[in-house]
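Working notes, structure below.
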Amino acid sequence: MTGKRRDTSGGSNSRTFLKTFSPILSVLAGLALWEALSRQVLPLFLPSPLATARAAVELWSDGTIVAAVAASLRRIAIGWGLGVLLGIPLGIFMGSSVVVRRLLDPYIDFFRFIPPIAFVTLAIIWLGPGEASKVGLIFYATIFVVIVSMIAGVQAVNPARIRAAATLGAGRLRILLTVVIPSTVPAMVTGARLAMGNSFLTVVSAEIVAAQEGVGALIWTARNYGRTEWVFVGIILLGLLGYLCDRLLRLCATRFLKRYDVKT
Amino acid sequence: MVAGAAIDLENISITLGGQPIVSQVNLSIKAGEFVCLLGPSGCGKSTVLNAIAGFLPVDGAIRVGGTAVRGPGVDRGVVFQNSDVLFPWLTASENVEYGPTIKGVAKRERAELARRYLELVGLGNAIDKFPSELSGGMRQRLQMARVLVNEPSVVLMDEPFGALDAQTREVMQVELDRIWRATKPTIVFVTHDIGESILLADRVVTMTTGPSAKIKAVHDVDLSHPRTMSDPQALTLQSTLRNEIGEEVSKVLRQQGLKEPGL
């Protein structure tokens, strides 16, 4: 009996061990594979992890990484922030009005299939080569996904909840403000998270032209100098930043919006 | 405390999505009366309730306290089967205060009202709890408090205990009887539970199955309170109601049986 119990606890111990360490093991295995592959080819084709780390140290010590991360995060923060701030009310508006939805639906379903990179040239013609075109592209990449998520959120509000509010004396505007909008908070979080992903996908194309600083700009510059290891530094930076931003967003959502039934 | 209001259904018919759900229903409910609408699922009893609540357009006239129903109103509170109608982002007290806030009751007074009604339904210890922290039975109590605080003259209940386990349901039936006696609104209670209707109602109204559902029979429940199902009169009524509902269920089964060869 005792022996059996010890076995079970041993099993659950090794399960928690696996849960904690399997991601680390997986990353280590990936690095080993990368190292092994890089030995078979030229560094220009695939630099080794060590060469990439050396390049990262080099770019860190001359301040390139900090400046690049700051510039890209700033663009993402503004473009994504505007996209979320405008997308939420627009989505609620479209979700609550059948007429508005019918009018705007064709546009939403048209533009959400056009990737931001297709608009790079137009963005520069219309908004100039400065910050506005880059922020504009990220804004474009975020607003539609937020709108689509909000429309779904509004339509998913339990009609009985709205009826209940009406029998408690609430009029249409009050129902919108005190029932529909709070009920869509989970959709806001989902939309904001998807939009965050899109803005990371877009920042590299946004920085394709005339950007001095930025993680995307770093990747494009590396091409001109033939520094493949810089490209790898840029790629790893993007992945890490995206992961951290999503974690932060999820943390804030569960910390402050839990009562709105936000599940992440 | 507000006295109950009489409800008159005058030849009402309800069509939803081109389907005649209910047709030519006539029913008069006295002020302060407890009436159960009983019938198999899909017979249109909830549709009648929704019509009294003012959620649906209706042919014919519905009058509550002599006034024609034109839409939802605070005079007719509704307790839904699904407690998802509670606002999960508000505490129990804030949920109850929702109606008084709209009426413009001052904050301190509102909190006092909420406390009083939460105590009435037995949730005096859960004032600051969120709905997600309450059990199914407690959430239905909270729905009742949120409705009763508005002092409606009519309370419409749509299978309010249908999603609860058997033990909790029994407790809630006793509680509802007590609360009804304390506040005395008119109650229209939809259920498919025969025992529940006998324990609670002054009158039980059975309905035929839809489409075009009608009232099948109206039974007075002339039993003293507190009621138990072991009472011989209750048992007689139970078998009568069971037969009536059974007839309707087998009608549906026959209809489905007849359809089959044609498919």
Need the list of lysines near B:Lys216 for cross-linking: C-alpha distance under 22 angstrom, and skip anything on the same chain fewer than eight residues off. B:Lys30, B:Lys45, B:Lys251
Compute the Rg/Rh shape ratio of the protein assembly as shown: radius of gyration over Kirkwood radius, all on alpha-carbon atoms. 1.13
Pairwise label distance in nanometres, A:Val66 with A:Arg174, each label 7 Å out on the Cα-Cβ vector: 5.5
DSSP-assigned coil residues among chymotrypsin sites (Phe, Trp or Tyr not before Pro) in the stretch A:74-157, each with at most 12 further Cβ atoms within 10 Å: A:Phe113
Under the classification rounded if a/c is under 1.5, otherwise prolate if a/b is larger than b/c and oblate if not, where does chain B fall, given a ≥ b ≥ c as square roots of the Cα gyration tensor eigenvalues? prolate
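Quote to one decimal, in nm, the extra length available between B:Glu170 and B:Arg108 on full extension: 0.36 nm per residue of separation minus the C-alpha distance between them.
Additional length available on full extension: 18.8 nm.
So what is the relative contact order for chain A, in percent, with contacts set as C-alpha pairs under 8 Å and at least six apart?
Details: 275 pairs, mean separation 62.4, N = 264.
Taking the mean separation of contacting Cα pairs over the length of chain A, I get 24 percent.
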Where in chain A are the DSSP H helices whose alpha-carbon span along the long axis reaches 20 Å or more and whose Kyte-Doolittle mean is at least -1.0? A:2-38, A:64-96, A:131-155, A:185-206, A:228-256
Post the alpha-carbon centroid distance, the stretch A:108-147 to the stretch A:230-264, in whole angstrom. 22
Show me the ranking of peptides A:176-182, A:156-162 by mean Cβ neighbours inside 10 Å, starting with the highest. A:176-182, A:156-162
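To the nearest 20 debye, what is the magnitude of the charge dipole of the stretch A:49-105 about its Cα centre, counting +1 on the Cβ of each Lys and Arg and -1 on the Cβ of each Asp and Glu? Walk me through the numbers before you get to the answer.
Values: 5 positive and 3 negative charges, 46 e Å.
So the magnitude is around 220 debye.
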Proximal charge balance of B:Ala51 [Cβ under 14 Å; K/R count +1, D/E count -1]: +1
Electrostatic dipole magnitude of the protein assembly as shown [Cβ: Lys, Arg +1; Asp, Glu -1; Cα centre; debye, to 20]: 880
Between the stretch B:83-103 and the stretch B:175-221, how many Å separate their Cα centres? 27
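Using a 10 Å cut-off around each Cβ of peptide A:152-165, what is the average number of partner chain Cβ atoms that fall inside?
Numbers: counts 0, 0, 0, 0, 0, 0, 4, 2, 10, 7, 3, 8, 15, 6.
Other-chain Cβ atoms within 10 Å of each residue's Cβ, averaged: 4.
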Straight-line reach only, C-alpha to C-alpha below 20 angstrom: list the lysines that B:Lys129 could link to, leaving out same-chain residues fewer than 8 apart. A:Lys258, A:Lys263, B:Lys107
If you put +1 on each Lys and Arg Cβ and -1 on each Asp and Glu Cβ, how big is the dipole of chain A around its Cα centre, in Debye rounded to 20? 1360
Zone reached by a paramagnetic label modelled 7 Å from A:Ile125 Cα along Cα→Cβ, restricted to the stretch A:197-238 with backbone N below 20 Å, covers A:205-211
For labels at A:Asp261 and A:Ile114 in the simple 7 Å Cα→Cβ model, what's the distance in nm? 3.7
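All other residues with a Cβ under 13 Å from the Cβ of B:Ala106 taken together, and with Lys, Arg as +1 and Asp, Glu as -1, what is their net charge? Walk me through the intermediate numbers first.
Details: positive: B:Lys103, B:Lys107, B:Arg108, B:Arg110; negative: B:Glu97, B:Glu109, B:Glu112.
Its environment carries a net charge of +1.
Classify the stretch A:75-118 from the C-alpha gyration tensor, please: rounded if a/c falls under 1.5, else prolate or oblate depending on whether a/b exceeds b/c.
Note, shape of the stretch A:75-118 comes out oblate.
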Run the quick spin-label model on A:Phe17 and B:Leu223: label points 7 Å from Cα toward the beta carbon, then report their separation in nm to one decimal. 6.4
Let me check I've understood the local charge: for B:Glu247, count other residues with C-beta under 14 angstrom from its C-beta, Lys and Arg +1, Asp and Glu -1. What total comes out? +3
Quick note, the stretch B:139-200: a/c under 1.5 would make it rounded; otherwise a/b > b/c is prolate and the rest oblate (a ≥ b ≥ c, C-alpha gyration tensor); here it is prolate
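Values quoted throughout were computed directly from the atomic coordinates according to the rules given, and no laboratory measurement underlies them. This is a predicted model, so every value here is computed, not measured. Backbone-built Cβ (ideal geometry, glycine too); neighbour counts: all protein chains shown.
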